[in-house]
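Written out below as structure tokens is the structure these notes cover.
The values are calculated or read from the model by the stated rules, or taken from the named source; none is laboratory data. Predicted, not measured: the structure shown is a model, and the values here were computed from it. As a convention, Cβ positions derive from the backbone with ideal geometry for all residues, glycine included, and neighbour counts pool all protein chains shown. Quick note on the areas: whole protein, heavy atoms, side chains included, nothing else; ligands and nucleic acids left out. Shrake-Rupley method; radii C 1.70, N 1.55, O 1.52, S 1.80 Å.
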Amino acid sequence: MRRLHFPEGFLWGASTSGHQIEGNNTNSDWWAFEHSTRREEELRDEGKDPQNYYSGIACDSYNRFDEDFSLAEHLNQNATRIGIEWARIEPKEGEFSEKELDHYEKVLQSAKAHGLQTFVTLHHYGNPMWLAKKGAFLNEETVDLFARYASKVADRLGQYTDFWLTINEPEVYASHASLFAKFPPRAMNIRKTFKVVNNLIAAHNKAAAILRQKTRKPVSMAYQLTDLEPAGFFGHFTHMLAEYFMNSYILSRTVHACDFIGVNYYFHHHIGFWGLRNHSHSQHEETDLGWGIHPEGLERLLLKLKKYNKPLYITENGIADARDAKREKFIKDHLVSVHKAIGQGADVRGYLYWSLIDNFEWLQGFGPRFGLIEIDREDLLRRKVRYSATKFAEVCRNNYLEA
Ligand code: BGC
């Protein structure tokens, strides 16, 4: 057994997002999407019960946030990532809700009282309904509207925020909302996708300057970066293209406006001449969602990011594993990868597991179980700490991993 030590002051924690845990986020376009007739009919056609695909009360973390942070503290975590909901803070265009700002102030005060450094995400897939009606990020005006929202949040919540994440996974949001017709507003249009991408870039760059200037706290996006490996001679060309569009297009246009890089890592792909070859090599272990598990990819990715000379934080990395049979090893193997990257000069300063608690998994509803903590949906959303969480807690306490 070797002890793999992590740098002093390393941040250990777990991530969540507003819509996925809070419950009753009724002013959001996601709420409307979940309740739309089209969505309900599609689910029924697939033999699924729409009841299982409404976020509803989610984990009731809108009310139970202190309990959640208290559990994080008991698991020796020293950091947390939360999302705040634009749809709550600005329920009508230009009208900011003091009540909801007070609420998030209490949430962040509670995180601080439990000894957690805070990463705060301003946009995690969902939009206020009024903004959705204007086309959300398809509309250039949204760049200024997002900056105004960020400015308001900076004034009110800046003192409790240690790290800002402007927008979660702009690549996933843009592609799923505008190209693959999966997320609201379910468009399928390449020209629109580029427009959305470019507005997301502009929105980040503008908001980041405001957040930094007003709060002096570091800012990034939470980028979903994918480990892409060329397969075969002809795969090299496709690989370059995929690398550009999946990983670098947005990053290279926003990284100058980042003080650190937030990395969400889930996927490794083999790229052949004909494009992506599913999620991974077939011999890899899979998560409950059928995603291949490929910890080595994280090391490769972190090393590629060295060239930007910015601190790196893993803002998401996690596994859907209802039986908790693979999570301990999953975390361990990914941490070995992080440690190797640090040994080769990558300036990684924190690891936030996705997710602290089981939550509403967007298109898949409550089925997938990503949590370190189980939410018992049959027993009043009771929180139950999983075994893997206690193993991760040892690493968080020791600041080293036994491997
Ligand atoms: C998203 C999360 C989501 C997780 C698992 C990430 O891409 O940011 O909201 O729950 O993946 O699918």
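Summary of values
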| quantity | calculated |
| --- | --- |
| GluC sites (Glu not before Pro) restricted to DSSP loop in segment 32-80 with at most 16 other C-beta within 10 Å | E46 |
| Residues with amide H under 5 Å from that of Q224, placed H, sequence gap 5 or more | E169, E171, V172, N264 |
| Nitroxide proxy distance, nm - points 7 Å out along Cα→Cβ at E140 and R382 | 5.7 nm |
| Listed pairs K133/K206; K133/K195; K152/K214 exceeding 19 Å between Cα atoms | K133/K206 |
| Proximal lysines to K326, defined as alpha-carbon separation beneath 18 angstrom and excluding residues fewer than eight positions away on the same chain | K384, K391 |
| Percent carbon-and-sulfur accessible area, the chain, ignoring ligands, DNA and RNA, probe 1.4 Å | 52 percent |
| Whole-Hz couplings from phi, Karplus 6.51/-1.76/1.60, listed for segment 71-77; x for Gly and Pro | 5, 4, 5, 5, 8, 6, 6 |
| Charge sum, other residues only, whose C-beta stays under 15 Å from K99's C-beta, Lys/Arg counted +1 and Asp/Glu -1 | -3 |
| Reachable aspartates and glutamates, given that their alpha-carbon falls under 16 Å from the alpha-carbon of K304 and they are not under 8 places away in the same chain | D227, E229, E243, E296, D347 |
| Radius 15 Å from Cβ of E67, net charge of other residues (Lys, Arg +1; Asp, Glu -1) | -4 |
| Antiparallel bridges, percent of DSSP beta bridges restricted to the chain (to nearest 5) | 25 percent |
| Three-way shape label, the chain, alpha-carbon gyration tensor, a/c 1.5 | rounded |
| Set of lysines near K307 by C-alpha distance (under 20 Å), chain-local residues within fewer than 8 positions excluded | K340 |
| Under the Karplus curve 6.51 cos²θ - 1.76 cosθ + 1.60, θ = phi - 60°, whole-Hz ³J(HN,Hα) for segment 250-260, x wherever Gly or Pro sits | 6, 4, 5, 9, 10, 5, 5, 9, 10, 9, 8 |
| Net lengthening on full extension, A113/H5 (0.36 nm per residue, minus Cα-Cα) | 36.2 nm |
| Extension reserve of the Y244-I190 stretch, reckoned as 0.36 nm per residue once the Cα distance is removed | 17.9 nm |
| Heavy-atom SASA rank of H176, H294 (probe 1.4 Å, accessible area, largest first) | H176, H294 |
| With DNA, RNA and ligands ignored, accessible area of L251 (1.4 Å probe; Å², nearest 10) | 10 Å² |
| Cα-based shape type of segment 205-247, given that a ≥ b ≥ c are square roots of the gyration tensor eigenvalues and the cut on a/c is 1.5 | prolate |
| Relative contact order %, segment 279-372, counting alpha carbon pairs below 8 Å whose residues are six or more apart | 31 percent |
| Accessible surface, the chain, averaged per residue in Å² (probe 1.4 Å) | 41 Å² |
| Gain in span if fully extended, A209 to F234, counting 0.36 nm per residue against the direct Cα distance | 4.8 nm |
| Two-site FRET efficiency, S252 against S36, from Cβ-Cβ distance with R₀ of 41 Å, rounded to 0.05 | 0.70 |
| Pair D66, R397: separation of 7 Å Cα→Cβ label points (nm) | 2.6 nm |
| Dipole of segment 225-330 [Lys/Arg +1, Asp/Glu -1 at C-beta], most positive-end residue of P230, I319, H284 | P230 |
| Simple spin-label estimate for H74 and K133 in nanometres, 7 Å along Cα-Cβ | 4.5 nm |
| Dipole axis of the chain (+1 Lys, Arg; -1 Asp, Glu on Cβ), positive-most option in G126, Y104, A209 | A209 |
| Gaussian network model of the chain, springs between alpha carbon atoms under 10 Å - residue of N127, N198, N309 with greatest fluctuation | N309 |
| Heavy-atom accessible area ranking, 1.4 Å probe, most first, across I342, I82 | I342, I82 |
| Tensor-based shape of segment 1-160 (alpha-carbon gyration tensor, a/c under 1.5 rounded, otherwise prolate or oblate) | oblate |
| Part-to-part distance (alpha-carbon centres) for segment 120-135 and segment 1-39, which is given in Å | 16 Å |
| Residue-averaged [θ]222 nm for the chain, counting only DSSP H segments that reach four residues, each worth -39500 (n - 2.57) | -12000 deg cm²/dmol |
